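Working notes for the structure below.
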Amino acid sequence: MAKKENSILQLILSLMGITLVAAVLLSAVYIVTKDPIEKMKIEKNNAAKMAVLPGFNPETGTLTEVKIFSEELNDSLKVTLACMDNQLFGMAVATYTNKAFSGRFDIMAGFDKEGNLLNTEVLEHHETPGLGDKIDKKKSAFSVQFVGKNPNINKLTVKKDGDGGEVDAITAATISSRAFCDAVNNAFKAFQTALKNYELNTKNEITGNDMIAEKEENYE
């Protein structure tokens, strides 16, 4: 009986030791890979910004990132304002949807200052290979139909839903297609808010400069 108890105890101790070693190794791998993974993610996002803002020159222009709260997502989206020659060129919005077949995917959407969609780039997704993964332009031309569309003018929902939408869904992947539309529309709402804030700040700056000029003129 004592032998059996000792064997069980040894087995338990062995399992605890193996678990401890595995935990230490996993922690070490996480620490080693954390920074490189984060760096790759930042580089991917930066490349996506340039891809969705064709014509923007980062060497002569400026990029300013702001966070815009989305009521639909109950979360903040990162919006990058691109300016050239002290004028707004457009915006890149890092957006996402929770309505995908696999729960969530992230995309980058670029708009010109009028709200026309310039381009999109998929950042991360887990959609079904051969079906939902066709949201990525590397897999199909599905996303190309969004270019040039303005959500203020064009209804960006899938046609088959019968609500006047203008988007041709991916065959056998309607859920992914709807989700892509949702992500783009979330991005556009964030764009609209950022644009209002930008115009308000610009107006305040101009008004402030006019007041300063007026004071200087009166002083003279």
Rounded to the nearest 20 debye, dipole of region 98-175 from Cβ charges on Lys, Arg, Asp, Glu: 120
Between LYS149 and residues 5 or more places away or on another chain, the pairs with built amide H atoms under 5 Å apart involve LEU117
Using θ = phi - 60° and the Karplus relation 6.51 cos²θ - 1.76 cosθ + 1.60, list the HN-Hα couplings for region 42-48 in order, rounded to whole Hz, with x at every Gly or Pro. 5, 4, 5, 5, 5, 5, 5
In this model, which of LYS113/LYS137; LYS49/LYS139; LYS41/LYS149; LYS44/LYS138 are farther than 26 Å apart at the alpha-carbon? LYS41/LYS149
Could you list, bin by bin from short to long, the percent of Cα-Cα pairs of region 125-203 in 10 Å steps? 18, 44, 25, 10, 3
Where a ≥ b ≥ c are the square roots of the eigenvalues of the C-alpha gyration tensor, would you call region 142-187 rounded, which needs a/c under 1.5, or, failing that, prolate if a/b is larger than b/c, or oblate? prolate
Label point 7 Å beyond Cα of LYS160 along Cβ direction - residues of region 67-105 with amide nitrogen under 15 Å: 101
Note down the Stokes-Einstein diffusion coefficient of region 72-180 in µm²/s, whole number, using a Kirkwood radius over alpha carbon pairs, 20 °C, and 1.002 mPa s. 147
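Values quoted throughout were computed directly from the atomic coordinates according to the rules given, and no laboratory measurement underlies them. Since this is a predicted model, take the numbers as computed values, not measurements. Virtual Cβ from ideal backbone geometry, glycine too; neighbours counted across all protein chains shown.
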